[in-house]
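The values are calculated or read from the model by the stated rules, or taken from the named source; none is laboratory data. Since the model is a prediction, treat every value here as computed from it, not as a measurement. A quick note on method: Cβ atoms are made from the backbone with ideal geometry, for glycine too, and the neighbour counts reach across all protein chains shown. Please note that ligands, DNA and RNA were not included when accessible areas were found on the heavy atoms of the full protein model with its side chains. Shrake-Rupley method; radii C 1.70, N 1.55, O 1.52, S 1.80 Å.
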There are 2 protein chains.
Amino acid sequence: MSILIKNAKIVDVKGTRKGSILIEDDKIVKIGDIREDEGDKIIDASDKLVIPGLINTHTHLSMTLFRGIADDLQLHKWLENYIWPLEKHLNEDYCYAGALLGCIEMIKSGTTAFNDMYFYMDSVAKAIEKCGLRAVISHGMIDLNNEDKMKKEIKESKRIVKKCHGMADGRISVALGPHSPYTCSEKLLKKTSKYANKNNLKIHIHVSETREEIKTIKERYGMRPFEYLDDIGFLGENVIAAHAVWLSEEEIKIIKNNNVKISHNPVSNMKLASGISPVSKMLDENITVSLGTDGAASNNNLDMLEEMKIAALLQKVHYLDPTKLSAKDVFAMATINGAKTLGINAGLIEVGKKADLVLINVKRCNLTPFRNPISHLVYSANGYNVTTVIVDGKILMEDNVVQVINEKEVMEIAENASDELLSKS
Amino acid sequence: MSILIKNAKIVDVKGTRKGSILIEDDKIVKIGDIREDEGDKIIDASDKLVIPGLINTHTHLSMTLFRGIADDLQLHKWLENYIWPLEKHLNEDYCYAGALLGCIEMIKSGTTAFNDMYFYMDSVAKAIEKCGLRAVISHGMIDLNNEDKMKKEIKESKRIVKKCHGMADGRISVALGPHSPYTCSEKLLKKTSKYANKNNLKIHIHVSETREEIKTIKERYGMRPFEYLDDIGFLGENVIAAHAVWLSEEEIKIIKNNNVKISHNPVSNMKLASGISPVSKMLDENITVSLGTDGAASNNNLDMLEEMKIAALLQKVHYLDPTKLSAKDVFAMATINGAKTLGINAGLIEVGKKADLVLINVKRCNLTPFRNPISHLVYSANGYNVTTVIVDGKILMEDNVVQVINEKEVMEIAENASDELLSKS
């Protein structure tokens with residue numbers, strides 16, 4: 001089926017232009033003046049912006065079930081008293097329910113692709129397939145230096161690779177997900193790296209999130225986290241490191257030299273009081289920095305429009321310089337840099353790119369008067385302004401109505417799953 | 001007319017309870033089990049939270065016309081090259097148009113009262129009256145030590161007091177608005193103070209927004225801004241000081257001892273890279289700190305739900321302590337502290353309080369699963385979740401449809417006004 005988006009105001013990091021967009025199958029095939037009869041389905045985009053779908057490069061989707069259960073706590077209390085006790089009781093059904101809810105939330109706020117690390121990832125994949133989104137998924141591996149645990153974790157990762165890599169018409173790919181340098185043994189990290197490189201897979205890992213982590217790694221290995229990962233030969237262009245809050249100048253060089261991809265998570269870093277990542281510095285070094293929401297337990301939503309604004313604001317106040325991280329810079333992080341990070345042929349609106357597109361209604365009071373589209377997207381917009389979402393050439397939401405699944409039913413399933421889960425812990 | 005809000009989940013800083021709310025004229029007259037025939041108009045609040053309307057204690061409403069025209073700039077460039085040249089061409093019509101747009105935006109995102117300082121304030125008052133909101137308004141006075149200018153500014157302030165104080169059934173009150181200690185002469189400040197105290201009016205002023213301001217005031221008077229204002233006898237419980245970013249320990253004592261009200265504007269302070277206000281410290285001292293969005297040119301929206309979240313996040317990361325500024329603290333800032341600041345009998349849902357209420361739909365994916373209402377309001381909600389807004393016992397928006405004015409027409413009027421204004425500068 002072909003889709004014609006007519007009268008669009010097309011906005012990506014390369015600029016703003018008017019025109020129509022023709023989609024055939026999963027790709028953009030034509031941009032410009034296009035006859036109406038060329039499209040099977042016509043979408044009138046008058047008064048709409050068409051932007052590349054936003055790309056969330058660090059999430060734990062099923063954690064939507066934990067939204068709002070614990071806030072304003074020290075990290076160890078939050079983990080030990082709330083998150084870990086609940087995670088013990090997770091199962092396939094709960095993770096499926098949480099993932100469905102997360103998918104709906106992402107669709108409604110304009111996200112078309114994401115990078116997810118969690119548990120029961122075949123259930124998560126099922127939800128993603130159902131909802132039509134694009135994702136890189138990974139089983140989160142933690143071995144705490146226990147050899148048996150390591151073997152189990154690697155086995156589960158391989159199971160997910162075999163079962164899910166390339167599923168949903170290729171919309172889902174599987175990465176390796178060693179949780180972090182402080183929760184994984186050197187052996188696990190090395191095995192992961194070897195397996196990923198051999199099979200051309202991404203690696204998704206948390207690095208340098210908190211000051212405590214830096215201290216732990218220094219005590220254990222005599223080096224800072226990125227120095228250690230470099231030392232053991234773990235780093236490469238397929239590594240997506242989430243957070244990267246506390247970095248030395250030397251570590252920024254290591255990231256750059258290894259072409260490591262960084263996922264910046266400002267809301268989570270602020271809410272958990274982890275710290276402020278030197279994003280502007282990394283962008284100045286041409287490091288690929290993208291944007292992530294982290295899980296809903298530490299955010300507490302998955303709204304990339306909000307994340308863009310807060311990312312820009314945080315760099316400005318951190319450096320006391322309002323020119324840091326401009327609207328365009330942060331829009332690039334959420335689109336083209338996300339696409340580079342996940343290896344997706346998207347992030348720009350060009351012929352040959354995947355048809356992962358989002359329509360934004362500019363006839364809203366918070367986007368009036370209509371001036372600078374990228375400024376409005378970053379500083380003024382909210383999820384409510386997203387009206388239509390297309391992924392892989394399929395319409396997932398049209399005029400604010402989710403097409404792929406019954407939204408109310410998903411909310412009920414998630415509410416029930418969360419109830420059950422809380423009653424067990 | 002009476003309004004019965006039935007099956008409500010009532011949420012204010014005192015807690016959460018179920019019940020119905022009866023409104024007669026402008027007030028809440030009954031809460032609990034109420035028969036349906038007691039209300040002329042019934043609102044079913046099943047699946048809704050009812051919260052006190054949010055109170056925005058620092059805005060420049062008509063600046064919505066400048067939304068998105070200039071971002072990511074040094075403050076002096078932003079003011080000198082963009083804002084001031086445009087402001088020269090303002091007139092009654094433009095300020096009315098911008099104010100209408102701002103009112104709609106506030107209604108849609110759950111704000112019921114605000115504190116506005118700008119120009120052509122009788123036009124702003126007309127817009128507020130039309131849209132049904134509650135406000136304290138003030139003419140922004142700047143004399144730059146020029147005696148003639150001072151006289152003109154005070155004359156204009158007095159004109160607005162006479163014309164607008166108590167208008168719109170008492171929903172509008174007028175304050176005195178000396179812009180700041182660095183743009184106003186000592187004489188203007190003293191005259192303002194005397195006039196306000198004599199006539200029982202509030203004073204709305206910007207204080208200690210930037211490091212440059214601290215430097216200027218120290219050079220000019222040998223003291224820091226709040227020390228200087230204390231020294232000339234300006235401070236008192238009727239003073240609402242916006243920003244208060246750079247404060248010494250001594251100044252925090254001065255604020256406390258004079259019972260000065262502080263309006264915290266985190267988004268504006270971040271976007272303009274002004275700095276981070278020590279809000280947690282001030283709250284620890286029992287200073288009344290409320291929340292403001294500032295004008296749309298430096299935000300770029302007027303969404304208090306977003307402002308609450310960013311306020312909480314910013315304190316946490318600033319102090320590297322996730323327990324700082326909890327969801328409940330920041331909800332108090334946006335409700336009861338705002339009411340105390342503006343002298344409004346609202347901010348809590350109790351019999352005898354003004355019927356300034358907002359309904360939030362919790363059956364939304366970003367508020368699912370439904371757990372802690374205040375956490376969800378602060379960390380997960382966005383403007384889209386607001387469905388119904390009541391001010392002074394009148395329904396301004398019902399089920400997402402603005403009742404008091406045609407929203408589309410307002411957007412057109414504002415778009416045209418902004419076009420004209422930009423073409424002149």
TODO: Kindly indicate which of A:Glu147, A:Glu129, A:Glu153 is under 21 Å from A:Lys108 (Cβ atoms) and of a type in the set (D, E, K, R).
DONE: A:Glu129
- [ ] Please work out which residue is surrounded by the most Cβ atoms within 10 Å (Cβ to Cβ), limiting yourself to region A:93-104 and to residues that are more than 11 Å from chain B (Cβ to nearest Cβ) and not hydrophobic (A, V, I, L, M, F, W, C).
- [x] A:Tyr94
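Quick grid of which residues meet (1) open to solvent by 10 Å² or more (accessible area, probe 1.4 Å); (2) in the same structural domain as A:Ile28 (by the TED database):
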| site | (1), (2) |
| --- | --- |
| A:Thr288 | yes, no |
| A:Thr293 | no, no |
| A:Leu302 | no, no |
| A:Lys309 | no, no |
| A:Gly352 | yes, yes |
| A:Val391 | no, yes |
TODO: Would you check if there is a residue in region A:40-50 being exposed (fewer than 15 other Cβ atoms within 10 Å of the Cβ), more than 14 Å from chain B (Cβ to nearest Cβ), farther than 30 Å from A:Pro369 by Cβ and touching a residue at least 12 places away in the same chain (Cβ under 8 Å)?
DONE: yes
Open item on the list: Can you say whether B:Leu201 is in contact (Cβ under 8 Å) with a residue 24 or more places away in the chain and part of a helix (DSSP H, G or I), as far as the supplied structure shows?
Closed with: no
Open item on the list: B:Asn265 - would you say it is in the same structural domain as B:Gly102 (by the TED database), within 12 Å of the chain's Cα centre (by Cα), within 12 Å of B:Asn56 (Cα to Cα) and open to solvent by 10 Å² or more (accessible area, probe 1.4 Å)?
Closed with: no
TODO: Can you give me the number of residues within region B:51-89 that are touching a strand residue (DSSP E or B) at 6+ places or on another chain (Cβ under 9 Å) and open to solvent by less than 10 Å² (accessible area, probe 1.4 Å)?
DONE: 11
Task: Count of region B:162-171 residues which are under 23 Å from B:Ala241 (Cβ atoms) and crowded, with 22+ Cβ neighbours inside 10 Å - done: 1
Open item on the list: Please go through (1) open to solvent by 10 Å² or more (accessible area, probe 1.4 Å); (2) within 14 Å of chain B (Cβ to nearest Cβ) for A:Lys194 and return the number of the only condition it doesn't satisfy.
Closed with: (2)
Open item on the list: I need the full set of residues from region B:65-85 which are basic (Lys, Arg) and closer than 10 Å to B:Ser298 by Cα, in order please.
Closed with: B:Arg67
Task: Condition check for A:Ile276: surrounded by fewer than 24 Cβ atoms within 10 Å (Cβ to Cβ) and closer than 26 Å to A:Leu75 by Cα - done: yes
- [ ] Please work out which one of (1) open to solvent by less than 60 Å² (accessible area, probe 1.4 Å); (2) over 21 Å from A:Gly338 (Cα atoms); (3) of a type outside the set (A, V, I, L, M, F, W, C) is the condition A:Glu250 fails and give its number.
- [x] (1)
TODO: Could you identify the single residue in B:Leu90, B:Leu101 that is under 26 Å from A:Leu367 (Cβ atoms), within 21 Å of the chain's Cα centre (by Cα) and not aromatic (Phe, Trp, Tyr)?
DONE: B:Leu101
Task: Selected residue (criterion: nearest to A:Arg211 (Cα to Cα)) from residues of region A:67-92 that are within 7 Å of another protein chain (Cβ to nearest Cβ) and of a type in the set (Asp, Glu) - done: A:Asp72
Open item on the list: For region B:314-322, check the following and say yes or no: at least one residue is within 11 Å of another protein chain (Cβ to nearest Cβ), open to solvent by 10 Å² or more (accessible area, probe 1.4 Å), part of a loop (DSSP other than H, G, I, E, B) and touching a residue at least 24 places away in the same chain (Cβ under 8 Å).
Closed with: no
